[in-house]
Amino acid sequence: AQSVTQPDIHITVSEGASLELRCNYSYGATPYLFWYVQSPGQGLQLLLKYFSGDTLVQGIKGFEAEFKRSQSSFNLRKPSVHWSDAAEYFCAVGAMGANNLFFGTGTRLTVIP
Amino acid sequence: NAGVTQTPKFQVLKTGQSMTLQCAQDMNHNSMYWYRQDPGMGLRLIYYSASEGTTDKGEVPNGYNVSRLNKREFSLRLESAAPSQTSVYFCASRETGVWGLEQYFGPGTRLTVT
């Protein structure tokens with residue numbers, strides 16, 4: 001069965017600190033992986049995506065993620081967090097020919113000055 | 001290019017009332033989706049439409065109906081609202097024919113059923 005696990009419900013970091021948000025997936029086919037960000041009261045915006053090739057992908061706003069097939073993980077990272085990064089982050093998985101994406105339950109990021 | 005638009009932004013209903021949530025996209029996408037978002041549960045798919053003229057159930061379709069009015073518009077109807085349908089509803093769209101492309105989301109409709 002397809003599933004996405006984001007084990008951290010809430011993370012608090014200081015502004016300027018590094019960030020890593022975890023995502024593990026279970027999928028029967030070759031996965032396509034996405035990270036979305038949702039600011040309060042807003043819709044979801046795509047941060048980055050992985051389809052194939054280089055396992056380290058760069059996204060918008062200085063975010064990157066690394067696909068590790070052996071660990072079924074697609075963790076999101078940022079070297080230095082800004083106050084404007086406070087939001088909820090969702091990992092999602094899909095596959096070739098599949099109509100749907102499966103979303104994790106999200107990780108809420110709080111940034112303290 | 002407005003992307004995906006949803007109306008209304010907010011709505012309060014009484015139990016048993018009906019309403020239709022509207023969604024439109026101007027990106028010429030074939031596939032459209034309706035999700036609901038509840039605290040601690042992420043996004044759950046209600047219905048989707050892979051192309052104009054087709055609709056399919058998602059994970060949580062009970063209590064909802066959809067209409068793919070044309071390629072641009074995909075509406076979600078609650079015939080008899082229940083408090084369990086209090087949620088934030090998101091519409092999304094994506095291209096098809098090229099696998100794996102991301103979905104684009106609207107700003108959401110926050111629905112409260114009392």
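Bear in mind these aren't lab numbers, they're just calculated from the coordinates by the rules spelled out. Computed from a predicted structure; not experimentally measured. Note that each Cβ is placed from the backbone with ideal geometry, even for glycine, and that neighbours are counted across all protein chains shown.
In order along region A:82-99, phi translates into HN-Hα couplings of 10, 4, 6, 7, 4, 4, 10, 10, 10, 9, 9, 10, x, 8, 4, x, 7, 7 Hz, rounded to whole numbers, per the Karplus curve 6.51 cos²θ - 1.76 cosθ + 1.60 with θ = phi - 60° and x for Gly and Pro. Using 0.36 nm times the number of residues separating A:Arg22 and A:Arg69, minus their current alpha carbon distance, what extension gain do you get? Going from the current span to full extension adds 15.5 nm.
Using θ = phi - 60° and the Karplus relation 6.51 cos²θ - 1.76 cosθ + 1.60, list the HN-Hα couplings for region A:23-39 in order, rounded to whole Hz, with x at every Gly or Pro. Karplus values, whole Hz, x for Gly and Pro: 8, 10, 10, 10, 8, x, 10, 4, x, 10, 10, 9, 10, 10, 10, 10, 7.
With a 10 Å cut-off around each Cβ of A:82-88, the average count of Cβ atoms from other chains is 0. Residue exposure proxy: A:Glu20, B:Glu73, ordered by other Cβ atoms within 10 angstrom of their Cβ from fewest to most, comes out as A:Glu20, B:Glu73. Place a point 7 Å from the Cα of A:Arg108 along the Cα-to-Cβ direction; which residues of region A:52-86 have their backbone N under 15 Å from it? Residues A:86 qualify, since their backbone N sits under 15 Å from the label point.
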